[in-house]
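The values are calculated or read from the model by the stated rules, or taken from the named source; none is laboratory data. Because the structure is a prediction, the values reported are computed rather than measured. Because the Cβ atoms are built from the backbone with ideal geometry, glycine has one as well, and the counts that use them run over all protein chains shown.
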Amino acid sequence: ARALIAAGGAADIAAQALDRALQLAPAINALITVLPDDRVSNAGTGPLAGIPFVHKDVFCTEGARTTAGSKILDQFVPPYDATVVARLRAAGARCVGKANMDEFAMGSSNENSAYGVVRNPWDTSRVPGGSSGGSAAAVAAGIVPFATGSDTGGSVRQPAAFCGLTGLKPTYGRISRYGMIAYASSLDQAGVLARSVADCAEVLDVLSGHDPLDATSVDAPAIDISGALHRGVRGLRVGVVREMFGAGVRSAMADTVLQSLRALEAAGAVLVDISLDSLRHAIPAYYVIAPAEASSNLSRYDGVRFGHRTESAKDLKSLYQNSRSEGFGLEVKRRILSGTYVLSSGYYDAYYLRAQQVRRLIAADFSRAFGAVDVLAGPTTPDVAFKLGEKVDDPLAMYAADINTVAVNLAGLPAISLPSGFIDGLPAGLQLIAPAFAEDQLLAAGHALQ
Ligand code: GLN
């Protein structure tokens with residue numbers, strides 16, 4: 001991104017990004033809203049001065065429509081900025097649009113957006129991944145050098161992998177969630193998609209830090225970005241997680257990821273075979289906890305205070321019922337129903353409480369592993385980007401493909417997806433996971449591969 005600016009001058013680059021957004025974005029449907037009048041940022045001074053980017057439409061932008069991919073927020077114009085938005089603006093970066101996404105960040109293919117599917121720029125018959133699919137497609141198509149995303153169970157890393165990008169999901173608490181429309185609050189974390197580790201690192205540096213407006217944001221020491229990028233991997237112990245190469249992972253995927261790991265080894269890292277037995281429980285635990293929290297978070301969309309309001313209400317109950325029936329899409333309704341079910345009396349102990357116990361086991365398993373290694377590694381996804389429509393009728397197959405990403409959120413850890421070769425012309429992703437607040441190790445290892 002820096003080289004771009006040096007070559008072209010900030011104002012020119014931003015103007016070119018806008019032209020590209022207007023030309024290219026419609027073909028892949030990457031953007032829900034284009035912001036040509038620079039309402040959400042003014043390119044001035046700062047570490048990212050003049051660099052164009054797009055925000056996932058989950059971040060509230062004062063005065064600019066913010067939909068979260070949902071019809072229920074179709075006309076919603078927030079009266080305030082998310083902290084992520086305010087920080088990027090203060091850094092001088094220029095937001096040229098709001099990126100398409102799965103409704104309320106629920107999905108892995110961007111097929112759950114009320115604003116239409118997004119196409120993968122590498123092969124437009126395929127999905128870009130989700131839920132930050134518009135963010136990934138916009139960067140992969142060359143519209144902007146970076147995009148923001150949010151990652152509750154893989155939504156930054158998986159689309160990064162499907163679109164040949166670097167996608168960084170920081171430690172829970174590293175970046176403020178204030179103004180980021182909630183899906184599952186104990187799992188949600190903002191992240192960055194870009195073309196390199198170095199670009200992700202610069203944006204991470206701007207976004208990170210304690211925010212009094214988010215009680216879960218942590219006052220952690222700043223990451224030594226340039227130190228990390230120049231550290232190399234000599235002696236770095238990389239745990240190759242057996243279960244992440246397990247059943248369902250395509251053998252070509254295992255091969256290309258192992259090849260990237262050998263490159264790390266050649267650069268001085270030590271590969272260690274490691275097992276995380278509890279990973280097999282991650283999908284069921286995640287798909288209990290995330291919908292449970294979602295069902296609670298989404299109760300605020302009642303047609304009264306903001307968002308879509310039905311025109312066919314007879315009384316208060318039908319106002320709620322019809323506004324929500326008309327405003328929410330199928331997958332969101334599915335999550336609200338399953339989330340409400342697992343929280344209801346008689347089922348709470350059997351499902352929600354159980355899932356929370358499993359979550360603890362998973363976190364403990366990771367801690368144990370980090371006693372022996374510095375980072376953990378495996379494929380980000382079991383396979384490359386699938387065809388549009390391929391999994392829409394089979395939600396369980398869609399959920400199952402999140403196998404390697406959701407455990408990271410359950411444990412609150414930082415992780416990164418890095419480009420790792422191609423399979424049949426489509427990008428594959430290598431995921432690295434670090435202990436909480438050890439993003440520097442991800443940056444060091446990732447940069448060594450680029
Ligand atoms: N695919 C997962 C889900 O649908 C993760 C989404 C996300 O990280 N926002 O819940």
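Go through the residues of the range 366-377 one by one and say whether even a single one is of a type outside the set (S, T, N, Q), surrounded by 17 or more Cβ atoms within 10 Å (Cβ to Cβ), within 16 Å of the ligand (Cβ to nearest atom) and not in a loop (DSSP other than H, G, I, E, B). So far as the range 366-377 goes, no, none of its residues is of a type outside the set (S, T, N, Q), surrounded by 17 or more Cβ atoms within 10 Å (Cβ to Cβ), within 16 Å of the ligand (Cβ to nearest atom) and not in a loop (DSSP other than H, G, I, E, B).
One residue alone among 102, 123 is under 13 Å from the mean Cα position of the chain (by Cα) and of a type in the set (D, E, K, R), and that residue is 102. I'd like the residue in the range 176-196 that is among the charged types (D, E, K, R) and within 15 Å of the ligand (Cβ to nearest atom) and, out of all such residues, is farthest from residue 222 (Cα to Cα). Ranking the candidates gives 188 first. When residues in the range 105-153 are screened for being acidic (Asp, Glu) and closer than 15 Å to residue 194 by Cβ, 1 of them pass.
If the condition is being touching a Leu at 6+ places or on another chain (Cβ under 6 Å), under 27 Å from residue 221 (Cβ atoms) and of a type outside the set (Gly, Ala, Ser), then the range 415-439 contributes 416, 418, 432, 433. Taking first residues from the range 334-354 that are closer than 14 Å to residue 295 by Cα and partners that are among the charged types (D, E, K, R), the Cβ contacts under 8 Å between residues at least 6 apart in sequence or on separate chains come to 339/293.
Hey, can you tell me all the residues within the range 404-414 that are within 13 Å of the ligand (Cβ to nearest atom) and in a loop (DSSP other than H, G, I, E, B)? The answer is 404, 405.
For every residue, the table says whether it meets (1) under 24 Å from residue 387 (Cβ atoms); (2) within 14 Å of the ligand (Cβ to nearest atom); (3) not aliphatic (A, V, I, L, M).
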{"site": "127", "(1), (2), (3)": "yes, yes, no"}
{"site": "135", "(1), (2), (3)": "yes, yes, yes"}
{"site": "145", "(1), (2), (3)": "no, no, yes"}
{"site": "158", "(1), (2), (3)": "yes, yes, yes"}
{"site": "162", "(1), (2), (3)": "yes, yes, yes"}
{"site": "174", "(1), (2), (3)": "no, no, yes"}
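Scanning the range 56-83 for residues that are within 22 Å of residue 113 (Cα to Cα), within 21 Å of the chain's Cα centre (by Cα) and not charged (D, E, K, R) returns 58, 59, 60, 61, 66, 67, 68, 69, 70, 73, 82. If you go through the range 92-102 one residue at a time, do you hit one that is out of contact with any strand residue (DSSP E or B) (no Cβ under 7 Å at 6 or more places or on another chain) and closer than 19 Å to residue 182 by Cα? Scanning the range 92-102 turns up at least one residue that is out of contact with any strand residue (DSSP E or B) (no Cβ under 7 Å at 6 or more places or on another chain) and closer than 19 Å to residue 182 by Cα.
The set of residues in the range 14-43 being at pLDDT 85 or above and part of a loop (DSSP other than H, G, I, E, B) consists of 29, 30, 35. Looking across the range 304-333 at every residue that is touching a helix residue (DSSP H, G or I) at 6+ places or on another chain (Cβ under 7 Å) and under 21 Å from residue 184 (Cα atoms), the one that is modelled with the lowest pLDDT is identified as 307. Of the residues screened, residue 201 is one that is of a type in the set (A, V, I, L, M, F, W, C) and either at pLDDT below 95 or in contact with a helix residue (DSSP H, G or I) (Cβ under 6 Å, 6 or more places away or on another chain) (or both). Residues that are free of Cβ contacts under 8 Å to residues at least 12 places away in the same chain, acidic (Asp, Glu) and more than 16 Å from residue 260 (Cα to Cα): does the range 400-409 have at least one? Looking for residues that are free of Cβ contacts under 8 Å to residues at least 12 places away in the same chain, acidic (Asp, Glu) and more than 16 Å from residue 260 (Cα to Cα), one finds none in the range 400-409, hence no.
Entry remark, the range 72-89: residues being hydrophobic (A, V, I, L, M, F, W, C), outside any helix (DSSP H, G or I) and touching a residue at least 24 places away in the same chain (Cβ under 8 Å) number 2 in total.
Per the listing 46, 92, 69, 50, the residue uniquely out of contact with any Pro (no Cβ under 6 Å at 6 or more places or on another chain), in a loop (DSSP other than H, G, I, E, B) and modelled with pLDDT of 95 or more is 69.
The set of residues in the range 378-399 that are part of a loop (DSSP other than H, G, I, E, B), touching a residue at least 40 places away in the same chain (Cβ under 8 Å) and more than 21 Å from residue 424 (Cα to Cα) contains only 392. In the range 117-136, which residues are crowded, with 24+ Cβ neighbours inside 10 Å and assigned to a loop (DSSP other than H, G, I, E, B)? Listed by number, the residues that qualify are 118, 127, 128, 129, 130, 131, 132.
This table checks each residue for (1) modelled with pLDDT of 95 or more; (2) touching a helix residue (DSSP H, G or I) at 6+ places or on another chain (Cβ under 8 Å); (3) within 16 Å of the ligand (Cβ to nearest atom); (4) farther than 30 Å from residue 188 by Cβ.
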position	(1), (2), (3), (4)
247	no, no, no, no
250	yes, no, no, no
253	yes, no, no, no
260	yes, yes, no, no
263	yes, yes, no, yes
271	yes, yes, no, yes
274	yes, yes, no, no
286	yes, yes, yes, no
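Among the residues of the range 101-116, those identified as at negative phi and either assigned to a loop (DSSP other than H, G, I, E, B) or away from the ligand (no atom under 12 Å from the Cβ) (or both) are 101, 102, 106, 108, 109, 111, 112, 113, 114, 115. Residues that are within 16 Å of the ligand (Cβ to nearest atom), of a type in the set (S, T, N, Q) and farther than 30 Å from residue 224 by Cβ occur in the range 381-403; there is at least one.
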